[in-house]
Amino acid sequence: MTFGDFVSEQRANLPIHVTPEACGGKTYIVTGSNTGLGLEAAKHLVRCKAKKVIIAVRNLEAGEAVKAEIENVTKIRGVAEVWHVDLADFQSVKDFAKKATESLDRIDGLIENASIALDRISIAEGYETTITINVLSTFLMAVLLLPKLSDTAKQFGTTSHLSIVVSAAGFAFKEPFDKVKDDFLRKMNSPTNANMGSRYPVSKLIQIFAGRHFAKLVPIERTGVAVNFVNPGLCKTGLSRHGRFLNRLPIVGMGLVLGRTPEMGSRTLLHGAVAGKESHGCYLSVCEIREHQLPSWVSDEEGQKQGKIIWDEIANVLEKIEPGCLSKIL
Ligand SMILES: NC(=O)c1ccc[n+]([C@@H]2O[C@H](COP(=O)([O-])OP(=O)(O)OC[C@H]3O[C@@H](n4cnc5c(N)ncnc54)[C@H](OP(=O)(O)O)[C@@H]3O)[C@@H](O)[C@H]2O)c1
């Protein structure tokens, strides 16, 4: 894509794909919905007559404030519910998935929006924190909630959606994946190997590589669940707030000039939540299926092999966190 194309995409007025006809009576989970794109997506879903919208957050106070804001703006009460989940804690993800599976009568859409951009190394659950949150816990939740999404689709004769919010920023980082070797996730912990300047975009690239392989393992014909990967574009949110001042400057500056508002960016998430069967396994951007915008080194045969290697390593970790979780869905 040329810079000109990028600018015109950023400035486009995106369509709102969710409607009361598409979302009425359905249940959605939006992770990281106390702020930014997740908050705006949750607000739209409430407005579109969803039956329940779970505001899945690590900070309950912030979640309750958002619930009050949504109720105030939409004048719709009793739809948004605030639930705790901390993606830096595998047990918290497991507890959340158990509660959702047991207490919700249906889950029509899971929007895995929560992510973090760190540029200092820290460890959570034995892995670098960005990797734990953006990659391992994101796929742990996907794997644990896929059965409920699938049951919902079968019971109601609908298509459920599992959307992972990715980023095109990772496409600038081919190099780290040229030689993926065993235990590469753990090696990303090493203070000497960890290039934290590129850690966030690389984590989003891992989501795409691994997620596309995961989608192949759970075909929609069997599950009734469309698994897709949504790029929201550059948006004016606080995503870079954890970074060092100098690292933040370029992205904040570009965001100020070209960034979408959080509400405009959230429309891409909404598209993912209703994009239908044809979106399964696909990269979505500007509210369309945009497979052709993937770099060839992601989508070609070599890229697919890379995706399998990366997924296999993630799968090994997931099996250790929750033994048997993969056999339930594969
Ligand atoms: N903004 C952009 O330009 C852009 C571009 C491409 C892709 N994206 C993607 O869009 C998604 C939303 O980002 P955003 O821009 O809206 O950023 P944001 O405003 O920073 O929202 C991120 C959300 O993730 C939550 N989160 C972080 N760590 C968590 C954890 N351990 N457990 C649970 N929740 C956690 C945050 O919670 P706290 O408030 O508690 O920190 C926040 O609610 C992300 O996946 C991001 O990678 C954004």
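Only DSSP H runs of four or more residues enter the estimate; each adds -39500 (n - 2.57), and after division by the residues of the chain the mean residue ellipticity at 222 nm equals -14000 deg cm²/dmol. For the stretch 39-63 versus the stretch 255-300, the spacing of their alpha-carbon centroids is 21 Å. Projected onto their three principal axes, the Cα atoms of the stretch 258-330 cover extents of 42, 28, 26 Å, largest first. Of all beta bridges that DSSP places with both ends in the chain, some 15 percent have antiparallel geometry.
Shown here: the stretch 111-152, whose C-alpha atoms stretch 41, 19, 8 Å along the first, second and third principal axes, sorted largest to smallest. By the count of neighbouring beta-carbon atoms within 10 Å, fewest first, ASP95, ASP105 end up ordered ASP105, ASP95. Taking a point 7 Å out from the Cα of LEU60 in the direction of its Cβ, the residues of the stretch 88-107 whose backbone N falls within less than 14 Å of it are 96.
For the chain, the relative contact order is 20 percent, taking Cα pairs closer than 8 Å that sit 6 or more residues apart in sequence and dividing their mean separation by the residue count. Cα centroid separation, the stretch 86-140 to the stretch 230-246: 19 Å. For VAL230, the residues whose amide H sits under 5 Å from its own are ILE164, VAL165, VAL166, LEU284, ignoring neighbours fewer than 5 places away on the same chain, with H placed 1.01 Å from N.
For the stretch 173-304, compute the orientation-averaged projected area of the C-alpha convex hull (one quarter of its surface), in nm².
Projected area, direction-averaged: 9.5 nm².
Other residues with beta-carbon under 12 Å from the beta-carbon of HIS44 carry, at +1 per Lys or Arg and -1 per Asp or Glu, a net charge of +2. Put in order of Cβ neighbour count within 10 Å, fewest first, the listed residues ARG241, ARG260 become ARG241, ARG260.
Largest first, the three principal axis extents of the alpha carbons in the chain are 51, 47, 38 Å in whole numbers. Sites listed here are trypsin sites (Lys or Arg not before Pro) in the stretch 47-148 whose DSSP assignment is loop and whose Cβ has at most 13 other Cβ atoms within 10 Å: LYS75, ARG77, ARG120. The ranking of ASP86, ASP300, ASP183 from fewest to most other beta carbons within 10 Å of each one's beta carbon is ASP183, ASP300, ASP86.
Every read-out reported here was derived from the displayed coordinates using simple, explicitly stated rules and does not represent laboratory data. Every value quoted in this text rests on a predicted model; they were computed, and no experiment measured them. Every residue, glycine as well, gets a Cβ built from its backbone with ideal geometry; the counts of neighbours run over all protein chains shown.
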